[in-house]
Ligand SMILES: *Cc1c(COP(=O)(O)O)cnc(C)c1O
């Protein structure tokens, strides 16, 4: 067998391929340049145009653009009325922003475990952790696969909880024929460069609730009830600060880029599905690789492809860290999504810790995110498959 690059062999790729990457073409660049030449670099007409494009795409009434997915979650937590004394249920396998938004509002995250197949929030564990203080559930469509909303919805109705859907991974995903964005009271997206579409940095909250949309619009701009452009149009200087707010405004430069990117989203989603299909087919004959779940009625947006390893079938003493390093040496810019949130030192300081969520904590030890993004060439896909096979074969029992 070929010598691993980590042991001095020839790497599969000379040029490293990252786990995710944006696609930006000349027309995208022109759209941004046109904004630079226009009157409004921020809070101009491109913002509502971008908001409308996303709202229409997902099939919801209102969209509020902000300058990150984190800001979107913060605004959603604010609109949900989360405050001191409130508990909010959050899965352990997610980006820390999913639970930080609860803390920003003075609430308390309550972490729950995930399901062994999808690695999405486990409704049975949610039910066990509901108390009289529980106000909301943050449901994360992990890797792009929608959660079990039928179960979550019935729990939410029974216990009068709001669902905040962190769909940073799931723009364009479907659950029982409905697009993500039309499933929950509040849905948040991120437009970071590795996500489905990008605005550089950016995010958006989607809702059908007019009052919540208004609260979030105010929240993104100092709690001011009339923005500068609306005042200019009315020839008025008058505005009122009606709430505590922040500066979470997305510049028009980003919105112009995002608006252009929306036109390509469906083609990009199709390419992501294709890449995922190639991987799953290529690894099907390898017992060491646990294939991703594909529950019926769910169409993933494939933000991430997790290479999940059955560690029992690897040589004694070999763990995810060895596989991770070996894949990097072969030229794959792999990553890990995510370290369980309650494990982080800041969260430990708050009283959380390790060892309470057996499924998610075990899954964390098994996972490596391999490259998946629309601009990958067929050769790139082949290289990833070759590198994974090479490394797994070298470390199998
Ligand atoms: C990317 C991401 C966010 C938000 O990220 P920003 O970098 O603030 O745009 C939130 N939750 C999850 C699960 C994410 O992956």
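The values are calculated or read from the model by the stated rules, or taken from the named source; none is laboratory data. If you're wondering where the values come from, they're calculated on a predicted model, not measured in any experiment. Here Cβ is always computed from backbone atoms with ideal geometry, including for glycine, and neighbour counts include all displayed protein chains.
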Handout entry: Residue list for the range 263-275, filter: closer than 18 Å to residue 65 by Cβ and surrounded by fewer than 18 Cβ atoms within 10 Å (Cβ to Cβ)
Key = 263
Exercise for the section: Pick out, from the range 191-303, the helices (runs of 4 or more DSSP H) lying fully within it that include 2 or more residues that are more than 27 Å from residue 17 (Cα to Cα). Expected result: 210-219, 228-233, 252-262
Exercise for the section: Name every residue in the range 51-94 that is near the ligand (Cβ under 10 Å from one of its atoms), outside any loop (DSSP other than H, G, I, E, B) and within 15 Å of residue 246 (Cβ to Cβ), in order of residue number. Expected result: 66, 69, 70, 71, 72, 73, 74
Practice task
Would you check if there is a residue in the range 95-118 being within 16 Å of the ligand (Cβ to nearest atom), surrounded by 24 or more Cβ atoms within 10 Å (Cβ to Cβ), in the same structural domain as residue 82 (by TED's automatic domain parsing) and part of a loop (DSSP other than H, G, I, E, B)?
Solution key: no
